[in-house]
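The values are calculated or read from the model by the stated rules, or taken from the named source; none is laboratory data. From a predicted model like this one, the values you see are computed outputs, not experimental measurements. Cβ sites come from the backbone with ideal geometry, for glycine too, and all protein chains shown count toward neighbours.
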Amino acid sequence: MAQGIGILFITLVFQISAQINRPLVPLLGEHLGLSGVTIGLVIAIQAFLPFFLSIPVGQMVDTCGCRRVLRLGSYLTIGTGVLYFCSHGVFMLILAQILSGVGQLLIWLSVQTAATQLKTSVSARDSYIGFFGSFSAVGQFLAPIMGGVAADIWGYRIALFMLSGLGIFLLLGAAAVPETRIDRLSSPRRSTIRSYREGGSILINNKGVQLTVLAGCIPVFVTQIRSSFLPLYLHNLSFSNTSIGMIVGLGSLAAIFCRAMMGPMIIWLGRRTVLYMSLFTSFLPMAAVPLFHGFWPLACLSAISGWGGGINEPMTMSLLAAYTTKCQRGVAMGLRLTGNRASQFLAPLLYTVFYRYHGLAGSFIDFGILLTFWGVGCISFIAYYGLGSGLGIRENVRGVKGLSEDRLSGGQVP
């Protein structure tokens, strides 16, 4: 019980630390006189190393344990706040972004792995992951508002320096996270190359993992758009930092209510329908942003987008846990985060292209068209491989290589 509460506390603090810099970094870049293309590159660099390190870090979590990896990420978060505070030019800002990306990867992968391994039965795990997602959404809601208010009072650099204090809280909270490393006597030590091979094998042979990676990338794109590019659009409309934080935060507030409704929605509509809804309601509102200029219309679009994207994370986590064995889960979570970091890296790069040819407002429409094709691709993937009516977990797990029928007895998955 104490461990479960500790993970929820760390999730809340981590999301505040991870989300507080997303709207502030592009605004700080604009304050420093950087061009739109340069700002896009600065945002993208945060996800560059995590894209390559997600699978090895997943292996590190399996072998070293969640607690140790979490502590390492906390130290990096403390250092990140110091670097942001010292950022008076693009070089130091890029260095802070790199350190921030690696620290977030270490913390988030260890916390997600610990959360999925805390419960054993499908119903208990789904319920806990629902709470996990709600605490995550609360942190995402508070972060932009806290950052906006702090930026209006003290400026961007001091607001970003708050990361160091949050890193200290994460370091203290790491004691509540259980050690979940695998038994080294029964499981051979894996090299980095072997972890890539294992991750590649899981991704190639496990259609369920492929689905969670593909579907999980769309809300990452949307979150990057809403938290990094929407603030620039709002700033050009002369909104204050506090108002920008409120509009961005409303998307996360909507996600809280959405995740509270996750269980009844799945029972009533089925997992497949809910997944489809989460995909399209997340990005279509962002495509409509250039049509509005007032606070409340833009706040409503942010809320609808957050509602759609909010249910995707706990659902894909639950499905991924069901599609993998316990000893595979760290690497599988690394695969999921690899896809997320690829989206987080590609979104700013695409923004630089869209911004160059169609401007800031036109880039929202371009993203909407791109993600529409992506969403249709996910639906086609499910229809082609027939992953089960309503994406029922028990039905899907039977088709996963390495999971036997006897492991499904009693409604449990490994």
>> Let me confirm something: among GLY245, GLY251, GLY294, which residue is touching a Phe, Trp or Tyr at 6+ places or on another chain (Cβ under 9 Å), at pLDDT 85 or above and not aromatic (Phe, Trp, Tyr)?
In response: GLY251
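Output yes when any residue across region 394-404 is closer than 25 Å to LEU211 by Cβ, at pLDDT below 90 and either in contact with an Asp or Glu (Cβ under 9 Å, 6 or more places away or on another chain) or of a type in the set (Asp, Glu) (or both), and no when none is. Don't jump to the end; show me each part of the working.
Start the filter on region 394-404 by keeping residues that are closer than 25 Å to LEU211 by Cβ, which leaves 394-404.
From what's left, at pLDDT below 90: 394-404.
Next, from what is left, pick out any that are either in contact with an Asp or Glu (Cβ under 9 Å, 6 or more places away or on another chain) or of a type in the set (Asp, Glu) (or both): 395, 398.
The answer is yes, given that some residue of region 394-404 is closer than 25 Å to LEU211 by Cβ, at pLDDT below 90 and either in contact with an Asp or Glu (Cβ under 9 Å, 6 or more places away or on another chain) or of a type in the set (Asp, Glu) (or both).
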> Regarding LEU214, is this residue of a type outside the set (Asp, Glu), part of a helix (DSSP H, G or I), modelled with pLDDT of 85 or more and within 19 Å of LEU142 (Cβ to Cβ)?
Replying inline: no
> Taking region 1-36 as the region of interest, how many residues are assigned to a loop (DSSP other than H, G, I, E, B) and under 14 Å from the mean Cα position of the chain (by Cα)?
Replying inline: 1
> Can you pull out the residues in region 275-297 that are farther than 15 Å from VAL248 by Cα and polar (S, T, N, Q)?
Replying inline: SER278, THR281
> Any residue in region 322-333 that is basic (Lys, Arg) and over 29 Å from ILE266 (Cα atoms)?
Replying inline: no
> Pick from TYR385, TYR323, TYR355, TYR351: which is modelled with pLDDT of 70 or more and in contact with a Lys or Arg (Cβ under 6 Å, 6 or more places away or on another chain)?
Replying inline: TYR385
>> If I ask for residues that are surrounded by fewer than 24 Cβ atoms within 10 Å (Cβ to Cβ) and either closer than 23 Å to ILE39 by Cβ or touching a Ser or Thr at 6+ places or on another chain (Cβ under 6 Å) (or both), which ones from region 105-119 would you list?
In response: GLN117
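Determine whether region 72-79 contains at least one residue that is assigned to a helix (DSSP H, G or I) and either more than 20 Å from ALA175 (Cβ to Cβ) or touching a strand residue (DSSP E or B) at 6+ places or on another chain (Cβ under 6 Å) (or both).
Checked region 72-79: at least one residue is assigned to a helix (DSSP H, G or I) and either more than 20 Å from ALA175 (Cβ to Cβ) or touching a strand residue (DSSP E or B) at 6+ places or on another chain (Cβ under 6 Å) (or both).
Is it true that LEU70 is at pLDDT below 95, closer than 24 Å to ARG336 by Cβ and not β-branched (Val, Ile, Thr)? Reasoning before the result, please.
Working: at pLDDT below 95: yes; closer than 24 Å to ARG336 by Cβ: yes; not β-branched (Val, Ile, Thr): yes.
When the stated conditions are applied, LEU70 passes them.
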>> I need every pair where a residue in region 308-326 that is closer than 19 Å to CYS66 by Cα has its Cβ under 6 Å from the Cβ of a residue that is part of a loop (DSSP other than H, G, I, E, B) and at pLDDT below 75, sequence separation at least 6 or different chains.
In response: THR325/PRO414; LYS326/PRO414
> Only one residue in ILE43, ILE98, ILE39 is within 21 Å of PRO348 (Cα to Cα), modelled with pLDDT of 95 or more and assigned to a helix (DSSP H, G or I), so which one is that?
Replying inline: ILE98
> If you go through region 33-49 one residue at a time, do you hit one that is under 18 Å from ALA159 (Cα atoms), touching a residue at least 24 places away in the same chain (Cβ under 8 Å) and crowded, with 24+ Cβ neighbours inside 10 Å?
Replying inline: yes
